[in-house]
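> Encoded as structure tokens, here's the structure I'll be asking about.
The values are calculated or read from the model by the stated rules, or taken from the named source; none is laboratory data. Being a predicted model, the structure only gives us computed values, none of them experimental. Don't worry about glycine lacking a Cβ; one is built from the backbone with ideal geometry, like all the others, and counts go over all protein chains shown. Ligands, DNA and RNA are excluded from the accessible area calculation, which covers all protein heavy atoms including side chains. Shrake-Rupley method; radii C 1.70, N 1.55, O 1.52, S 1.80 Å.
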Amino acid sequence: MKIFQGKSVFGGIAIGRISIYKKNENEVSLVKVDDPEEEIKRYESAKEKAILQLQKLYNKALVEVGEQNAAIFEVHQMMLEDDDYNDSVENIIRSQSANAEYAVSKTADNLADMFASMDDAYMRERAADVRDISNRILGILAGNENGLENAKEPVILIAEDLAPSETVQMDKNMVLSFVTIKGSTNSHTAILARTMAIPSLVSTKMPLDDSFDGMIGIVDGNEGVIYVDPDKETFDYMKVKAAEEREKKALLESLKGKENVTLDGQKIMLYANIGNIKDLALVRQNDASGIGLFRSEFIYLERDTFPTEEEQFEIYKTVAETMAGKRVIIRTLDIGADKKCPYFGLDPEENPAMGLRAIRICLTRPEIFKTQLRALFRASAYGKIAIMYPMIISVEEIDKIKAIADEVKAELDKENIPHGDPEQGIMIETPASVIMSDELAKKVDFFSIGTNDLTQYTLAIDRQNDKLDEFYNAHHPAVLRMIRMVVENSHKAGIWTGICGELGADPTLTQEFLAMGVDELSVSPGSILPLRRIIRETDVEKYKKSR
């Protein structure tokens, strides 16, 4: 038996045969061709086939993982149609009488190196996308397109790394788990894995050994471990644990319709985070009490022009009506940092995480902000919508926001357009907003703590940088003290506080948050029932005494 440690992306236990997945090597060398124009036609044919493949992947991803996660395949299609990419390939073929494989490979190397050298983290990530689309074309040109859909039985897939396109191509019925040697817990693939609910590990310290192929493996996503060729004792033990997991899942189903209340009567709101209206089915399926974070920026990111007031209104109205009186908290656009939207025309920044982003864009581009607010106020007439403003650092910002909101309501009244009077709250995600939370609480209806950015800014660590994982501690005492301070200050002012960042779904902190008096947890839909179980089994007063 061999045991290897990785980083868990999604929990659960998978037992089955191992399948070693290696990308097609697509070895490329320069071969002189007699007719460059014919070679260009060969390239064009391969490119068109790649675009069709990507469209099928987009359609498949749309159904399985939602529009937000499917968007990467639209991006890849656009990259294949990019003039710079195609001009480079055709120029190499013509100028060097080169074969298409060499031209594609050389173009991929040049563009990937260019992206990788950029300061902007988002642009650096495009290097992987360039290589992904180029490998797709190379596979088609070589006639050895590799798919993950050909497995004959459900397997534990082990790979050096998996591109988002490869992950979505998996037949989920034939993949028990995947384990990658490389990869980050914040990568596209990790996000897709969590959405697909497949026990998975990344950054696993193990060799990509062909001798493992066909062996029995066990992936323990809870502990971040994979066992290769387990001994009988380990196999029997993990088989029992897998059965217990299935039993727990069945028990969780029985929690649907139950209150989120502790043994000693403390209630907490358990809401869901979503990125688009297609996620509403998951919200209802997992019995969320409301929506604690609707990421409205994805309405902008999925387009190449600004969404109109009417387009936004219809989306917000649909969410409000579907939730049928349950609270829906919609965050105003949080563009910037790692969320780039080219048509906004934002200048490149050396440190975008601390640059022009979120509410700063809204306050410096009020015409964009007012369009969204008009849509939100109008939609609030059709349900219990609340509006949440991100990246707040001062009372002055709230005053400016309220002045703009008042203008919007006055305009709607003048135009005889019906609207509601939604709650207005802010995200607490900077140390400044924590320190000022006693003053900020007097100005708003609620707080929602964005623990992802709050942790990043507090620890001065880029959470997307996997080289800093050993220093990144989401449970850092400073972060937990800040959360406690915010809750206490909000309650003094008579408003409620929720958590909508990743920490909200961390089951090891649920009891601590209850003890702090956190009023709401907003998490991915799949985390609702597991947290409900913990809440209903907790006696908060006993927990406080035991600390």
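> Find, to one decimal place in angstroms, the Kirkwood hydrodynamic radius of the stretch 350-473, where the mean of 1/r is taken over every pair of different Cα atoms and then inverted. Walk me through the numbers on the way to the answer.
Numbers: mean 1/r = 0.0628 Å⁻¹.
Kirkwood hydrodynamic radius for the stretch 350-473: 15.9 Å.
> Continuing with the same structure: Where the convex hull is taken over the Cα atoms of the stretch 207-276, what is its projected area averaged over directions, in nm²? Walk me through the intermediate numbers first.
Numbers: hull surface 35.9 nm².
Taking the Cα atoms of the stretch 207-276, their convex hull projects to 9.0 nm² on average.
> What are the extents of the Cα atoms of the stretch 281-439 along their three principal axes, in Å, largest first?
For the stretch 281-439, the Cα spread along each principal axis is 43, 41, 39 Å.
> Return the percentage of antiparallel bridges among DSSP beta bridges fully within the stretch 230-344, rounded to the nearest 5 %.
Values: 2 of 8 bridges.
Counting only bridges with both partners in the stretch 230-344, antiparallel ones make up about 25 percent.
> Enter the Cα centre distance for the pair the stretch 344-369 and the stretch 388-434, rounded to the nearest angstrom.
The stretch 344-369 and the stretch 388-434 have Cα centres spaced 17 Å from each other.
> Taking amide H positions as placed in the peptide plane 1.01 Å from N, state which residues far from ILE499 in sequence (5 or more) or on other chains have amide H under 5 Å from it.
Those lying under 5 Å, H to H, from ILE499 are ILE449, GLU520, LEU521, SER522.
> By how many nm would the segment from ALA250 to TYR343 lengthen if fully extended, with 0.36 nm per residue of separation less the alpha-carbon distance?
Here the segment from ALA250 to TYR343 would lengthen by 28.8 nm.
> Quick one: which residues, 5+ away or cross-chain, put their amide H under 5 Å from the amide H of THR204? H built at 1.01 Å from N.
LYS7, THR180, ILE181, LYS182
> Could you work out the relative contact order of the stretch 200-240, using alpha carbon pairs under 8 angstrom and six or more residues apart, expressed as a whole percent? Could the numbers behind the result be given before it?
Values: 26 pairs, mean separation 13.3, N = 41.
Computed value for the stretch 200-240: 33 percent relative contact order.
> Another question about this same structure. At what distance in nm do the modelled label points of ASP82 and SER394 sit from each other, each positioned 7 Å from its Cα along Cα→Cβ?
For ASP82 paired with SER394, the spin-label model returns 3.8 nm.
> So, one more: Between ASP229 and LYS22, what is the spin-label point distance in nm, taking each point 7 Å from the Cα along the Cα→C-beta axis?
The modelled label-to-label distance comes out at 1.8 nm.
> Once the mean 1/r over all distinct Cα pairs of the stretch 253-323 is inverted, what Kirkwood radius in angstroms do you read off?
Radius from the Kirkwood sum: 13.9 Å.
> Give me the tail of P(r) for the stretch 315-390 as a percent: Cα-Cα pairs with distance above 22 Å.
I get 33 percent for the Cα pairs in the stretch 315-390 exceeding 22 Å.
> Ok, one more. Counting Lys and Arg as +1 and Asp and Glu as -1, each charge on the Cβ, what is the dipole of the chain about the Cα centre in debye, to the nearest 20?
Approximately 2140 debye in magnitude.
> Over all alpha-carbon pairs of the stretch 402-536, lay out the pair-distance distribution in 10 Å bins, whole %, shortest bin first.
12, 36, 30, 16, 6, 1
> Take the alpha carbon atoms of the stretch 75-143, find their radius of gyration, then divide it by 2.2 N^0.38 Å using N residues; give the quotient.
1.08
> Now a separate question. A 29 angstrom limit on the alpha carbon distance is what I want to check against. Which of LYS492/LYS545; LYS241/LYS267; LYS60/LYS249; LYS326/LYS402 exceed it?
Listed pairs above 29 Å: LYS241/LYS267.
> Right, next: Check LEU263: other-chain or 5+ apart residues with amide H under 5 Å from its amide H, H built from backbone geometry?
THR538, ASP539, VAL540
> For the stretch 392-399, what does the Karplus curve 6.51 cos²θ - 1.76 cosθ + 1.60, with θ = phi - 60°, yield as ³J(HN,Hα) per residue in whole Hz, taken in order and with x for Gly and Pro?
7, 10, 8, 5, 4, 5, 5, 4
> Starting from the Cα of ALA493, step 7 Å along the direction of its Cβ; do the same at GLU415; then give the gap between the two resulting points in nm.
With each label placed 7 Å out from Cα toward Cβ, I get 3.1 nm.
> Just order 74-82, 203-211, 425-433 by mean Cβ neighbour count inside 10 Å, highest at the front, would you?
On the way: 74-82: 16.8, 203-211: 13.8, 425-433: 24.0.
Output ranking for 74-82, 203-211, 425-433: 425-433, 74-82, 203-211.
> Report the far tail of the P(r) of the chain, meaning the percent of Cα-Cα pairs longer than 41 Å. Don't skip to the end; give the middle numbers.
Values: 41113 of 149331 pairs.
Considering the chain, 28 percent of its Cα-Cα pairs are separated by more than 41 Å.
> Next question, about the same structure. Mind listing P(r) for the stretch 217-369? All alpha-carbon pairs, 10 Å bins, whole percents.
9, 25, 22, 21, 17, 6, 0
> Then there is this: Report Rg/Rh for the stretch 374-429, rounded to two decimals, where Rg is the Cα radius of gyration and Rh the Kirkwood radius.
The Rg/Rh ratio comes out at 1.00.
> Applying the Karplus parametrisation 6.51 cos²θ - 1.76 cosθ + 1.60 with θ = phi - 60° to the phi angles of the stretch 298-312, what ³J(HN,Hα) value in whole Hz is obtained for each residue in order, glycine and proline being reported as x?
6, 5, 7, 5, 8, 10, 10, 9, 5, x, 6, 4, 5, 4, 5
> Just the number please: accessible area per residue for the chain, 1.4 Å probe, all protein chains included, in Å².
Numbers: 24720 Å² over 547 residues.
Value for the chain: 45 Å² per residue.
> Give me the percent of the accessible area of the chain that comes from carbon and sulfur atoms, probe 1.4 Å, all protein chains in place.
50
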